[in-house]
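Heads up, the thing below is written out as structure tokens.
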Amino acid sequence: MSENNTKNDQNYRLKIRLLSGMEFEAQGDKTFIESQKKEFLQLLSGSKKEVKNLKDIASKEGELAENIQNTLTKNIISQLAKETSGMLKNLKNKPHITEETTTENSNGFGYNLDEKDIVGIWNKLADTKNGYAILYQKPKIAQNSALLILGASKYLLNKKELSALMLSKCIKKSGHITSRLDRVLNDFIDDNTIVSRGTKRNRRYSLSQKGLAKALVLAENFIKEKNI
């Protein structure tokens, strides 16, 4: 800080330059200059306090914003964790089944299912005490009954295929009246859901990998529909 005084006809001139670049200059009698200097210094002191207060406020607001963000983030993560945990628990207790299979695994499906889960589904649909699968409740069309009977036979009786005579018998005992089994199964055979082999007298039917998936999806949907 530099201070300059010159006497000229009872007048004084005071000039102050601060390191920050701020300047103060006044000219007049001694009393006037002293009062102006004092006022300048008070203003300067007040500005410093105001700047400090503003910095403190900004700092506190920054901390508050950070705390709010952290709290919201924690709450969101906690909520997502709870929802994810619930979803995983539901998936574990009751597998979600779709036909869109990508890789084949040990149970013949493109998704992971415990053998108990699969057997449990088919036990709700079919009675096998006489050595063949009879549906407790029949779907609306015989074609779907055939699909369910072939699935239940595979997983409850370990019968990978059924003769035309046996499949026709199971369909009828499940409540459908059919004249020609080949006509009932024609659409499923054409799209490779059901595999047919042999001659008319010895024809046998089984489910393809696609058919296994479709049968299980149909089974689960039928259970939900009938509230079994």
Task: Neighbours by Cβ (under 6 Å, 6+ apart or cross-chain): first from the stretch 199-228, closer than 14 Å to S145 by Cα and aromatic (F, W, Y); second modelled with pLDDT of 90 or more and assigned to a helix (DSSP H, G or I) - done: Y205/L167
Open item on the list: On the basis of being surrounded by fewer than 19 Cβ atoms within 10 Å (Cβ to Cβ), touching a Phe, Trp or Tyr at 6+ places or on another chain (Cβ under 8 Å), within 19 Å of Y136 (Cβ to Cβ) and without any contact (Cβ under 8 Å) to a residue 40 or more places away in the chain, does L157 make the cut?
Closed with: yes
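The values are calculated or read from the model by the stated rules, or taken from the named source; none is laboratory data. Keep in mind the model is a prediction, meaning the values are calculated, not measured. In this analysis, Cβ positions are derived from the backbone assuming ideal geometry, glycine residues included, and neighbour counts consider all displayed protein chains.
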